[in-house]
Amino acid sequence: MIIERRYVGPPDSGNGGWSAARFAAAVDGRAIGGEPVGGDAVGGGALGGGAVEVTLRRPVPVETPLTAVDGEIRDPAGLVIAEVRAAAEPSPVVGPVDLAVARAASAAYPGLLHHPFPGCYVCGPAHPDGLRIYPGRLPDGRTAAPFLVPADVSVATVWAALDCPGGWTVLGPGRPYVLGRITARVTALPRPGDECVVTGRAGDVAGRKAQADSSLYGPTGTLLGHARATWIALPAG
């Protein structure tokens, strides 16, 4: 398996949500749920599967062959990049908002002015063909953003969409975080061209670790997937 450079988060490192979905599928595609639209096998498995927890142990190298061995993802030198295991439900879902509310929040997305990784596939304004999910803050502290589903949607797309909107509940100027762990469950895939809504909510913060929840909703308000993530603050400077 190779994480292509298109799917970066930080420069030269795979986006956490996208990479985690690929890793979950490589260990046990039946677990993560999601026969992708159009038969694309990225993210594989059958919809309605259980939740999966992926812990990222190192930055995910791009354009590098990676191998699944005994629940671990390893690079060519044998270093453990990630660990994968079945998990309980991620957490209670983050409630939905109307599309108009999500659009209004997204217009004030702080990453348009200050972004630690502007080339991020999910939320980076400098990525030429990314998902362009721009989560803005709601009055109650949650984040929300519209999400226009791409033609090549897959389960990995949903995991990616659940990644950054949670992170932006704790991210801020001069306060970069990276994904350390994500537990996700996908219950249905959106259709290409659907305009969905993704919401995020901050959880506990302890030292350099912050928890965040996120949920993805289809155009009619159907819950498509939800996740709980642990984010790790990068050292200052």
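Going by a ≥ b ≥ c, the root eigenvalues of the Cα gyration tensor, does the stretch 88-134 fall in the rounded group (a/c under 1.5), the prolate group (a/b larger than b/c) or the oblate group?
Note, shape of the stretch 88-134 comes out oblate.
Which residue, chosen from Ala229, Val80, Gly172, occupies the Cα position most advanced towards the positive end of the dipole of the chain, where the dipole is computed from +1 (Lys, Arg) and -1 (Asp, Glu) charges on Cβ about the Cα centre?
Selected residue: Gly172.
Check Gly180: other-chain or 5+ apart residues with amide H under 5 Å from its amide H, H built from backbone geometry?
Close amide H contacts, sequence-distant or interchain: Thr230, Trp231, Ile232.
When the chain is fully extended, how far beyond the present Cα-Cα distance does Arg74 get from Ala206, taking 0.36 nm per residue of separation?
Taking Arg74 through Ala206 to full extension adds about 44.6 nm, to one decimal.
Go through the chain and flag any cysteine with no other cysteine's C-beta closer than 4.7 Å, please.
Singleton cysteines: Cys120, Cys196.
Over what distance in Å are the Cα centres of the stretch 66-98 and the stretch 158-237 separated?
Rounded to whole Å, the Cα centres lie 14 Å apart.
Gain in length, Glu195 to Ala107, computed as 0.36 nm per residue apart minus the alpha-carbon separation, to one decimal in nm?
30.1 nm
Values in this text are rule-based calculations from the coordinates and carry no lab data. Keep in mind it's a predicted model, so treat the numbers as computed, not measured. When we count neighbours, we look across all protein chains shown, and the Cβ atoms used for this are built from the backbone with ideal geometry, even at glycine.
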